[in-house]
Every structure is written in structure tokens, then in C-alpha cells.
Amino acid sequence: MKIIKYLFFLLLLVIIGTLIYVAMQPNNYDVKRSKLIKAPANVIFNNINDFKNWEAWGPWYDEDPTIEANYPEQTSGVGGSYSWTAKDGPGNMKTIALEENKSIDQKIQFGDYEPSDVYWTLEEQEEGTNVTWGMKADEIPFVFKFFGAISGGMEKMLAPMLENGLNKLDGVILEEMKNNPPKPEPNFSLGGIMDITQEAQQFIGYKQSTTIDHEAMTKLFMEFMPKAGKHAAAQNLTTEDYIPGSIFTKWDEENNQAEFYIGLVVKKDIPLDEGMEKVMLPAGRNVMISKYGPYGSGDMEAHMAIDKYLKANTLEQNGAIWELYLNDPESVKPEEIETEIHYPVK
């Protein structure tokens with residue numbers, strides 16, 4: 001009996017010592033891990049923002065095959081959530097805040113215990129995106145402190161799970177990139193379509209005839225637009241007296257032919273340079289759209305937008321299409337280069 005009594009007291013001392021040790025552990029924790037994933041931030045953000053994607057890389061699914069996820073109608077964005085049941089009990093997670101492509105804040109709750117914080121940050125770098133995944137809490141339930149203590153601390157308990165999850169996420173994202181390469185972000189934007197009444201304007205320019213080839217046409221603009229500008233300067237015109245532009249009189253894709261003028265809309269009468277012609281832009285109804293971005297980018301989209309507008313409003317093109325180049329591409333950012341595209345209509 002004495003042996004049993006001693007064993008009981010020994011066990012009691014071990015329990016008391018363990019409880020004291022657990023009670024002395026920190027009441028808070030903040031454990032995080034980071035990984036560089038060679039993918040754009042938006043691709044990674046779109047994946048982790050939807051809880052339905054987590055089954056593909058969530059590290060706990062390997063550790064506990066009894067987990068069964070349950071998804072409500074909303075699983076992404078602020079308010080998105082999901083819950084699960086498992087042998088160790090139920091749980092749920094909810095997104096409470098986010099900054100698109102940069103950060104996500106979530107709450108995770110096990111059973112009836114107080115929820116803990118889960119957070120993500122995404123920082124784009126030259127080689128890809130640095131993804132940080134972390135968990136933290138200010139008040140740790142005693143049972144969690146106990147499991148953390150016997151595991152060597154919350155760091156040792158949670159860090160391997162975070163690392164494993166990030167490694168699996170990396171594999172999922174790279175496979176996604178391989179099967180569905182992301183489309184490059186457009187480097188242009190379009191303004192709204194305007195239906196205006198245009199006054200008659202005088203245009204002077206050099207006539208061109210060439211194939212429909214971006215490189216060939218760019219060379220012509222690089223040669224003749226500065227030439228037109230030098231002629232204007234020689235006639236003592238200031239930049240207030242003219243606007244660089246072009247008039248497209250022929251665009252035959254079937255036969256790969258284009259004819260157009262490169263020159264200036266001028267507000268004063270001046271002598272013509274050798275090879276120059278004068279063209280009057282007639283007064284009348286005009287449909288116009290502004291495109292912002294490098295020359296050659298977004299042109300098709302701008303013309304398609306006008307074409308859609310003409311069809312929707314039963315309008316017909318009535319004359320040559322013309323463009324105005326409203327700012328100096330060397331003095332503004334590429335995305336701020338402004339081109340006005342005009343369609344005379346009836």
C-alpha cells in the first residue's frame with residue numbers, strides 16, 4: 001500500500017509540476033514563416049483568398065484524414081468562411097479583412113475556445129512574391145498552452161505546419177502557372193466615348209502609303225513627325241499653335257495596305273513644307289475616345305469600343321478616321337501618353 005501511496009504522490013507531483021510549467025509559459029504567441037513563390041501576387045492572392053482552394057495545400061489534411069470541410073455560399077473575400085469536423089473536434093475560419101494582392105486577416109476557432117488570428121502578407125519582388133503566413137493570439141487557452149509546452153513551445157508546434165503549408169502552396173501555384181499562364185496586365189486604359197460636334201480644322205501633313213505593319217509604320221512616324229515639328233518651329237509656331245496628329249484615309253487589311261497622313265492640326269495658316277499637303281477636317285458630328293498608354297498599345301481595343309458604340313446607336317462612319325497626340329511621350333509616364341481617336345459619323 002505504501003508503494004501505491006508513494007506512486008500516487010509521485011504522480012501528483014509530476015502533474016503539479018507540469019501544471020506549474022504550463023502556467024509559466026507565455027500567454028501570447030506570434031509564429032510566422034515566409035517563402036518566395038515565383039508567381040505574381042494576384043495569382044497567389046486569388047488562391048488563398050478562397051477557402052475552397054485550401055484542401056489542395058492545407059497541411060492539416062495530411063496529418064488528419066478524418067477532416068471533413070463544409071463550405072457556405074461565400075468562401076472568399078471579407079465574410080468568406082468555412083468549417084470542418086474531425087476526430088479532434090470541430091473548427092471554423094473566417095476572413096475579416098483584406099487588401100487585394102497584399103494582405104489577408106482571418107480568425108480561426110477550434111471548438112468553443114476563443115479564436116486566434118491568422119494573417120497573410122504578400123510582397124512582390126523581382127523574382128516573384130514573398131508570402132508570409134502566420135498565427136498569433138494574445139490569450140492562449142490553457143489546453144493549447146499545455147500542448148504547446150509538451151511540444152517544446154508554440155513555435156516548434158506551429159512552425160513546421162506553416163512551412164509545410166507554404167511548400168505545398170508553392171507547388172500548387174507553380175502547377176497552376178504552368179497550366180494557366182497569367183495574362184499580362186494591360187499597359188493602357190480607355191476613357192469614355194464622347195459624342196461631340198466638331199468644328200472644322202486645318203491639317204497639314206506628309207502622305208504615306210505602306211503595308212499594315214506596326215514596325216514599318218512606327219519608322220514612318222519617327223521620321224515624319226519630328227520633320228513636321230521642325231517645320232512648325234521654322235514658321236515660328238509654338239506648341240500652343242498646333243497638335244501632332246494623323247489622318248487614316250485607307251485601311252485595307254485584306255490587301256495589307258494603309259494610306260495616311262502624318263503631321264499637325266494647325267491653328268494658323270503657314271506655308272507648306274516640301275511634300276506636305278493640306279487636308280481639311282470637316283465640321284460635324286464626331287465620336288471620340290481617349291486612349292492612355294504607349295503608342296501601339298490598346299489601339300485595337302479603342303477602335304473596337306467605338307465600333308460597338310456606332311452599332312449600338314445605329315451610326316455610320318462618315319469620312320477618314322483621325323488621331324491627335326496630346327502630350328509629349330518623353331515628358332510623361334508611359335501610361336499617361338494620351339491619344340484621341342476621332343470618327344466622323346452621320
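The values are calculated or read from the model by the stated rules, or taken from the named source; none is laboratory data. Keep in mind it's a predicted model, so treat the numbers as computed, not measured. Don't worry about glycine lacking a Cβ; one is built from the backbone with ideal geometry, like all the others, and counts go over all protein chains shown. SASA here: full protein model, heavy atoms, side chains in, ligands and nucleic acids out. Shrake-Rupley method; radii C 1.70, N 1.55, O 1.52, S 1.80 Å.
List the GluC sites (Glu not before Pro) within region 256-315 that DSSP assigns to loop and that have no more than 15 neighbouring Cβ atoms inside 10 Å. Spell out each step's value before the answer.
Details: sites: Glu259, Glu274, Glu277, Glu301; in loops: Glu274.
Passing sites in region 256-315 are Glu274.
Looking at region 53-104, which trypsin sites (Lys or Arg not before Pro) are in a loop (DSSP not H, G, I, E or B) and have at most 12 other Cβ atoms within 10 Å? Intermediate results must be reported in sequence, preceding the final value.
Values: sites: Lys87, Lys94, Lys102; in loops: Lys87, Lys102.
Qualifying residues, ordered by number: Lys87.
Given Cα positions, please report Rg to Rh for the chain, the hydrodynamic radius being the Kirkwood one. Provide the component values of the computation, followed by the final result.
Working: Rg = 33.6 Å, Rh = 26.3 Å.
Radius of gyration relative to Kirkwood radius: 1.28.
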Please report the accessible area of Leu174 (heavy atoms, 1.4 Å probe, ligands and nucleic acids excluded) in Å², nearest 10.
80 Å²
Rounded to the nearest 500 deg cm²/dmol, what is the calculated helix-only ellipticity per residue at 222 nm for the chain, with -39500 (n - 2.57) per DSSP H run of length n ≥ 4?
-10000 deg cm²/dmol
Residues whose placed amide H lies under 5 Å from that of Gln257, excluding near-sequence neighbours
Ile212, Asp252
Residue by residue through region 271-281, what is 3J(HN,Hα) from phi via Karplus (6.51 cos²θ - 1.76 cosθ + 1.60, θ = phi - 60°)? Round to whole Hz and write x for glycine and proline.
x, 8, 6, 4, x, 7, 10, 9, 10, 9, 8
Which one of Gly293, Ser76, Tyr343 has its Cα pushed farthest toward the positive end of the charge dipole of the chain, where Lys and Arg give +1 and Asp and Glu give -1 at the Cβ?
Ser76
Strictly over 21 Å apart at the Cα level, which of Lys230/Lys333; Lys207/Lys227; Lys35/Lys183 would you flag in this model?
Lys230/Lys333; Lys35/Lys183
What's the center-to-center distance, using Cα atoms, between region 211-253 and region 286-303 in Å?
17 Å
On alpha-carbon atoms, Rg over Rh for region 245-298 using Kirkwood Rh?
1.00
Two-site FRET efficiency, Leu315 against Asp117, from Cβ-Cβ distance with R₀ of 51 Å, rounded to 0.05
0.35
Under the 7 Å Cα-to-Cβ spin-label approximation, Glu124 and Glu68 lie apart by a distance in nanometres of 4.3 nm
How long is the gain from Glu335 to Lys268 if the chain were fully straight, where each residue apart is worth 0.36 nm and the alpha carbon distance is subtracted?
21.0 nm
Quick one: Debye curve from the C-alpha atoms of region 243-346, no solvent, what's log10 I(q)/I(0) at q = 0.13, 0.18, 0.19, 0.23 Å⁻¹?
-0.55, -1.02, -1.12, -1.39
Order by accessible surface, 1.4 Å probe, largest leading, for residues His214, His342, His303 comes to His214, His303, His342
Between Ala216 and Glu277, how high is the FRET efficiency from 1/(1 + (r/R0)^6) when r is the Cβ-Cβ distance and R₀ = 30 Å? Nearest 0.05.
0.90
Per the Cα gyration tensor, region 62-107 corresponds to an equivalent ellipsoid with semi-axes, largest first in Å, of 24, 11, 8
For the charge dipole of the chain, defined by +1 on Lys and Arg C-beta atoms and -1 on Asp and Glu C-beta atoms about the Cα centroid, which residue among Ala258, Ile96, Thr238 has the Cα displaced farthest towards the positive pole?
Ile96
Spin-label point model (7 Å from Cα, Cβ direction): what's the Lys230 to Thr85 distance in nm?
8.3 nm
Taking only Cα atoms of region 292-332, radius of gyration then Dmax in Å:
13.1, 39
With no solvent term and unit scatterers on the alpha-carbon positions of region 173-301, Debye gives log₁₀ I(q)/I(0) at q = 0.10, 0.14, 0.15 Å⁻¹ of -0.44, -0.77, -0.87
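Kirkwood Rh over Cα pairs of region 30-148 into Stokes-Einstein at 37 °C, 0.692 mPa s: D in µm²/s? List each step's numbers first, then the result.
Numbers: Rh = 15.2 Å.
My calculation gives 216 µm²/s for D.
Write out the GluC sites (Glu not before Pro) in region 26-133 meeting two conditions: DSSP loop, and at most 14 other Cβ atoms within 10 Å of their Cβ. All intermediate terms of the calculation are to be shown ahead of the outcome.
Numbers: sites: Glu55, Glu63, Glu68, Glu73, Glu99, Glu100, Glu123, Glu124, Glu126, Glu127; in loops: Glu73, Glu100, Glu126, Glu127.
Here the GluC sites (Glu not before Pro) that fit, given the DSSP loop and packing criteria, are Glu73, Glu100, Glu126, Glu127.
Below 8 Å, C-alpha to C-alpha, sequence gap of six or more: please give me the relative contact order for the chain in percent.
On the way: 599 pairs, mean separation 52.4, N = 346.
Rounded, it is 15 percent for the chain.
Based on the Cβ-Cβ distance from Lys38 to Asn179, what FRET efficiency comes out when R0 is 22 Å, to the nearest 0.05?
Values: r = 15 Å, r/R0 = 0.69.
Efficiency for this residue pair is about 0.90.
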